[in-house]
Structure formats: C-alpha cells, structure tokens
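J.: Sharing a structure with you now.
The values are calculated or read from the model by the stated rules, or taken from the named source; none is laboratory data. Computed from a predicted structure; not experimentally measured. Cβ placement follows ideal geometry from the backbone for every residue including glycine, while neighbour counts extend to all protein chains displayed. Just so you know, the surface numbers come from the protein's heavy atoms only, side chains and all, with ligands and any DNA or RNA stripped out. Shrake-Rupley method; radii C 1.70, N 1.55, O 1.52, S 1.80 Å.
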Amino acid sequence: MEKHELMKLKLLSANIRLDVMKMLVHCGYGHLGGSLSIVELLSVLYGKHLRYDATNPNDDNRDMVVISKGHSGPAWYATLANVGFFDKEMLMTLNEGGTNLPSHPDRTKTPGVDMTTGSLGQGTSVAAGIALAMKRLNQNRYVYLIVGDGELNEGQCWEAFQFIANYKLNNCIVIIDENKRQLDGYTIDVINPFDIKKKMEAFGFYTIKVKGDDEEAISKAIDECKQVNNSAVSIVLDTIKGQGITYFENLIDNHSVKFNNQENIDAANEAIAKLEKFVKESLKNV
Amino acid sequence: MYKLVDDRNKIGAAMNLTVVKTLQQAMNEDEMVVALEADLGGASGFSKIKSSHPQQFVECGIAEANMMGVAAGMSMLGYKPFVHTFSPFVVRRAFDQVYLSGGYAKNTINIYGSDPGYTSAHNGGTHTTFEDIAIMRTLPDAVIVDACDDVQIAWVVKEFLKLKGIHYLRANRKAVRKVYTDDSRFKLGKGNVLKTGNDILIIAAGELVSDALDAAEMLQEKGISVEVIDMFTIKPLDEELIKNEVKGKKAVITFENASVYGGLGSAVNDVLVNCPQRVKVKNIGIRDLYGQVGSVDYLKKTFHLTAADVVEETIKLLNRE
Ligand SMILES: Cc1ncc(C[n+]2csc(CCOP(=O)(O)OP(=O)(O)O)c2C)c(N)n1
C-alpha cells in the first residue's frame, strides 16, 4: 500500500475512534470495547474496499455491510458520518428518544445501515441470504459480514457458515473480530472457543488471520479473499477489546462503559485530546 | 398475607440482585438449585453466584437455546435450574426448546426473563419484548409472573423452586418502587386487592402496579372510586377474583407493560366475556408497535403507559356511550 493511502486510512481510523469516544461520552455510557476493536476494519472497508455512494445509500450497485455484533453500532455510525452518509451532529443523538441512531443498528432508520441487528447471531444468516441473492441475480457485489468472537457461541452462526460454505458464497466476506472478550469476560473463561481459524477451516472456509489494528494487513487480507473463487472466505481479526486507547483496553469490564466516574471521563477526554492532535497533524500530511 | 408500604415512592432493592440473593440463599439450603447464564452475568448479577456458588453455576455462553435444553436435561437428574437471559431471548430465541425440551417433555425450567417491555430502555427496539406474555401463555401449564417489586420477586423465586414445570418470571433488572412491606406473602395464582373502590376496577401487573395506584389516587381526587388488583400471576389467572370484583363496577381497565394481544388484557377479557354482568373494558398496553430506544420515562410516555394515561383512558371510557 502506498504511504499516502495508508496515511489516509490511519486518519480515518483516528477520526472514527475520536467520534466513537465523543458519542459515548456525550451519551454517558455505551458499548465501547467492541466498537473500538473494529475501528481499523471499518476504516479499511469504507476508506478503500467498499463500493458505495454516500449520497445514495440505497444504490443498487453498492456493496453491503452487516454488523452482526449489533452492539457495535456506535462504531458504524461514526464511520458513516465520517464518510458523508449524514452530518456529525446526528452522532450526538445516540440513544435519545426519537433518535435515528439507536444503540443497535436499524436499517429502517439510519442511512448506510444495511441490516438491523442486536440479537447476536442473526446477522450471519441474513448476510448469507444477501450473498446468495447477489449470486443468483448475477450481481458482482460483495457483502461484508462482521461477527464477534463471543457471538460465535450462537449456534446460528455455524448454521450460517455451513450454508455459506456449502454454496461457496465467496462474495460474502466473513470477518470475525477476535478481541478475546465477550460480556462476562474472556471468551476462554466464558466458554472455550478453541481455535477459531481452525474451526472456520474445518467448516470449509479459506481463512486468513491478521492483526486487527493494522490497516495495511486488513486491506491485503480482503484483497486475498477476493482472489478466492472456489470456496467461502473468512478473515479472523486479532484485535483488542477497547483497541487503541490503553486505559480502556486495560479496563476489566470494558464491554459497556459508563462515564459516570471521573477516572473514565478523564481517560476518555485524554484520548479525545490525543486523537484530535493526531488528526490535526495528519491533515497537514495528507 | 400482604401489606402495602406507607411510602410508595420508596425504591426497593435492585430486582436482579434480589433474584441473585434469593437464589444464593436457596443454594445454601439445597445443593440441587443451579443457576444458568448466557453471558449476561454482569447484567443480571448472576456473576455473583458464579463466585459464591461455583458448583451451582453453569455458564452457557451466548447460546440461549442451548441453555434451555441444558436446563431441561439437568432437571431430569433432579436439579432445580434457574436460568436468566433478557426476555426477548427467552421467548423469541429459545421458545422451541422451552416448549419441547421443557414443557412437552415434562421437565423443569425456571426462567428469569429480564427487562421486558419498555424496561429494555437503552438497548432499544431489538431488545424490546412486548410479546412474551402472549407467547408463554400458549405453553400448557406454564406459570407466568410479572413481579411488581423486590419483596414480591424474592417470594416468587423461592416459590418457583418448589415446583416442577415451566415458570417464567418477567421483571426489570433495576430497582423499582416498593409496593409491599417486607413481611408480605403471596399465593401463586391469586391476585391481590391493593385498594378497594366502587366505580372502576384496574387490573395491573408488574411494576405498572405502582402507576395504577397513582392513577387510582388521581381518579379519587376527581371523585371516581377505584379498586386496584395486582394480578402478578398472569397464568394461571385468578378468574374467581375477577368475577367477584367486577360485580357492581362500571368499567374494567387492564394495564400492562406488554402487548394486549394475548397479554394480561386478553386474559382478563376472556374471563369477562363469561361474566353475566356487562361492563365497559379498556385494555391499556401495546398494540401493533415495535419497541424503540430511549429512557424509561420517554418510552412510558411514548407508549402511553403512565398513570396520567390511565386517568385519561378511564374518563374517556366512563363517558363512552
Ligand atoms: C442473542 C443475544 N444474546 C445476548 C445478547 C447480549 N449481549 C450483547 S453483546 C454480548 C457479548 C458479545 O460478545 P462479542 O460477540 O465478543 O462482542 P464484542 O466483544 O466484540 O463486543 C452479549 C452477551 C444479545 N445481544 N443477543
């Protein structure tokens, strides 16, 4: 990847992370950990790979995104605002009565949100259906399915994966956010996930594992998936829950964070200031 | 017997932690009591059971259907399972398992489905459950309770553990206003007359019982005399009580944080059609609406589930030809 392009993606990642933090602090609470772990992924998708028209969210030629771990809605909203689907002011309405940005994504409310999710597991089957329909209609489009590692506890995920592999839906790029934590703690302590990459391979997926905070590696993995034409494809992202902000990475319970204590507020404000500085400096170079 | 608290604005202990505490006490006395969770231990407080009674705790991961089946299986060997997940995942995600592995196979599953109706608040429409009562009512012999305060929920948990079968408890996780004094005792399947009155009968369940009592006071000020029943057991329903108390009333109001289609409203209507006395009825609850995100106050207003709504509907009903 050219240096300039990478810089642009890193700038977008910083902006997304910045807006996630601003939203959650303004709201007073929110699903922080799982939102931050997919920031770089969303940056690579919306900054490089995804085909979309922000002025025409329902464009028939667009690639589609299903974030099955719906509680990461804030990261999606921050991304969509940054690439022009709607104004950033709207981000401050998160979870307010009457908002178009509910905690869990709603395709009937938010421009750019392709599928409603929130009940873990369900997005996987819908993405499978979208991919199958695209193939049957001879449409050259992709659907990107983002799944949580905790979410993989749901049997429905494996029903969907079996389906995707059976139909060789290589236009459905399955991306697993392996941040190694779920709601009640580490995945290994809640219910042993074993080796996710090996499980995907056993299910018939061509699978790549990359660092989830590395835009270039993510981008390369997506390119590689697009070269595969005879099987289902998946990417296991090695991420950190709360990624990119050390304080929140280390916070024991960082699934849903409340900003009702000074420590959390200070840490968030410090992160916001740092990110703002980074954005300002990068803008000079991009 | 039950008694009402003097100060109805007093907030009780958190509902979820009351369930946890009651289960822990039961576990101290009976090693066959087990708690099952689906990665919501932080939300339900069941993580505390994991620490205090590790041998009586089963973490199932985010796999609610599996959890119901596991609970059913454990009950076959004598365990007394109490499972928790959010109410939508009980009835929408795992109902087939509750139905067949549980009910039809004559196994036991005690279920705490938390945050029903508007109490899903900031989790929004995807997590909002208005249909749970309707769905669970179709399960033969299931027991359904909508608990109104911490005293009642503690009593219900203890009572469920004595019984075999499918028992569904729906309630907020958060603390709610107190209705009953700490020494109050109840009877499953028996409604409680909380306030007597001559003109109107309000039948409510769950935390809206407090709002029903508010509404009764507001109506009283307008010269309308109101009786209030806490119908915390929605199934089996206390049909006798309804038949007796409707006598001489001008109107019946049902009031629930759930869909009236198949909910408390429908259940009460089923009894009223068989009463010799004709009476005006208004079912206050949800009709043809999905949930949405917002604060509890916002949602109660939006869904017309406040005491003021009850007052307004009552007056409208009385003026209706
Ligand atoms: C069917 C279902 N069960 C339970 C929940 C509650 N819940 C929301 S997020 C979560 C943990 C998710 O863990 P993971 O998929 O690893 O997400 P991440 O760590 O990336 O935030 C749980 C249990 C839910 N939303 N849906």
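J.: Relative to the first principal axis of the alpha-carbon coordinates of chain B, what is the inclination of helix B:64-76, with its axis defined by its Cα atoms, in degrees from 0 to 90 and to the nearest 10?
T.: That works out to roughly 70 degrees.
J.: A drop of at least 30 square angstrom in accessible area, chain alone versus all protein chains together, probe 1.4 Å. Which residues of segment B:23-52 meet that?
T.: At a threshold of 30 Å² (probe 1.4 Å), the residues of segment B:23-52 that become less exposed are B:ASP39.
J.: For A:LYS280, go through the lysines and keep the ones whose alpha-carbon is under 23 Å away, minus same-chain ones fewer than eight residues off.
T.: Correct list for A:LYS280: A:LYS3, A:LYS8, A:LYS10, A:LYS22, A:LYS48, A:LYS88.
J.: In terms of Cα to Cα distance under 16 Å, which lysines are near enough to A:LYS241, apart from those fewer than 8 places away along the same chain?
T.: Candidates past the 8-residue exclusion: A:LYS69, A:LYS180, A:LYS211, A:LYS258.
J.: Given a 1.4 Å probe and no ligands, DNA or RNA in the count, how much accessible surface is buried by A and B, both sides, to the nearest 100 Å²?
T.: When A and B are taken together, about 1800 Å² of accessible area is lost.
J.: Which percent of the accessible area of the protein assembly as shown is formed by carbon and sulfur heavy atoms (probe 1.4 angstrom)?
T.: Within the protein assembly as shown, the accessible surface is 50 percent carbon and sulfur.
J.: Considering every Cα-Cα pair within segment A:105-194, what fraction, in whole percent, is farther apart than 21 Å?
T.: Percent of Cα pairs beyond 21 Å in segment A:105-194: 36.
J.: Determine the shape class of segment B:204-321: with a ≥ b ≥ c the square roots of the Cα gyration tensor eigenvalues, call it rounded for a/c under 1.5, and otherwise prolate if a/b is greater than b/c, oblate otherwise.
T.: oblate
J.: Considering only DSSP beta bridges with both partners in segment B:192-319, what is the antiparallel share in %, to the nearest 5?
T.: 15 percent
J.: Oh, and also: How are the alpha carbon pair distances in the protein assembly as shown distributed across 20 Å bins from zero to the largest one, expressed in percent?
T.: Bins of 20 Å from zero give 20, 48, 27, 5, 0 percent of pairs.
J.: Rolling a 1.4 Å sphere over the protein heavy atoms, what is the accessible area per residue of the protein assembly as shown, to the nearest Å²?
T.: Solvent-accessible surface per residue comes out at 40 Å².
J.: So what's segment B:1-98 giving for Rg/Rh, alpha carbon basis, Kirkwood Rh from the mean inverse pair distance?
T.: When Rh is taken as the Kirkwood radius, the ratio is 1.04.
J.: At each listed q (0.16, 0.18, 0.20, 0.30 Å⁻¹), what is the log10 of I(q)/I(0) that the Debye formula gives for segment A:1-49 modelled as equal alpha-carbon point scatterers?
T.: So the normalised log intensities are -0.46, -0.56, -0.65, -1.07.
J.: Follow-up question, since we're still on this one. Using the alpha-carbon atoms, what tilt in degrees (0 to 90, nearest 10) does helix B:307-319 show relative to the longest principal axis of chain B?
T.: Roughly 40 degrees, rounded to the nearest 10.
J.: As a test of reading the structure, rank B:LEU4, B:LEU219 by solvent-accessible area (1.4 Å probe, protein chains only), most first.
T.: B:LEU4, B:LEU219
J.: Using Stokes-Einstein with the Kirkwood hydrodynamic radius over Cα pairs, what translational diffusion coefficient do you get for segment A:1-159 at 25 °C and a viscosity of 0.890 mPa s, in µm²/s rounded to a whole number?
T.: Diffusion coefficient, whole number: 154 µm²/s.
J.: Let me ask something else about it. Please compute the Cα-Cα pair-distance distribution of chain A with 5 Å bins starting at 0, giving whole percents from short to long.
T.: Over chain A, the share of Cα pairs per 5 Å bin runs 1, 6, 13, 18, 20, 18, 13, 7, 3, 1, 0 percent.
J.: Another question about this same structure. With all pairs of different alpha carbon atoms counted, what Kirkwood hydrodynamic radius in Å does chain B show?
T.: The Cα-based Kirkwood calculation yields 19.6 Å.
J.: Next question. Could you tell me the accessible area of A:ASP213 in Å² (1.4 Å probe, neighbours in place), rounded to the nearest ten?
T.: For A:ASP213, solvent-accessible area is about 70 Å².
J.: Also, quick follow-up: Once phi is turned into ³J(HN,Hα) by the Karplus curve 6.51 cos²θ - 1.76 cosθ + 1.60 with θ = phi - 60°, what whole-Hz value does each residue of segment B:161-176 show in order, with x for glycine and proline?
T.: 5, 7, 10, 9, x, 9, 10, 10, 10, 10, 5, 3, 8, 7, 5, 10
J.: Nearest 10 degrees, 0 to 90: what angle lies between the long axis of helix B:15-29 and the longest principal axis of chain B (Cα atoms)?
T.: The answer is roughly 50 degrees.
J.: What are the membrane-span-like helices in chain A by this rule: whole DSSP H runs, Cα extent along the axis at least 24 Å, mean Kyte-Doolittle hydropathy at least -1.0?
T.: A:3-27, A:262-285
J.: Taking every residue in A:112-125, how many Cβ atoms of other protein chains lie within 10 Å of its Cβ, on average?
T.: 2
J.: Roughly what % of Cα-Cα distances in segment B:15-171 sit above 21 Å, to the whole percent?
T.: 36 percent
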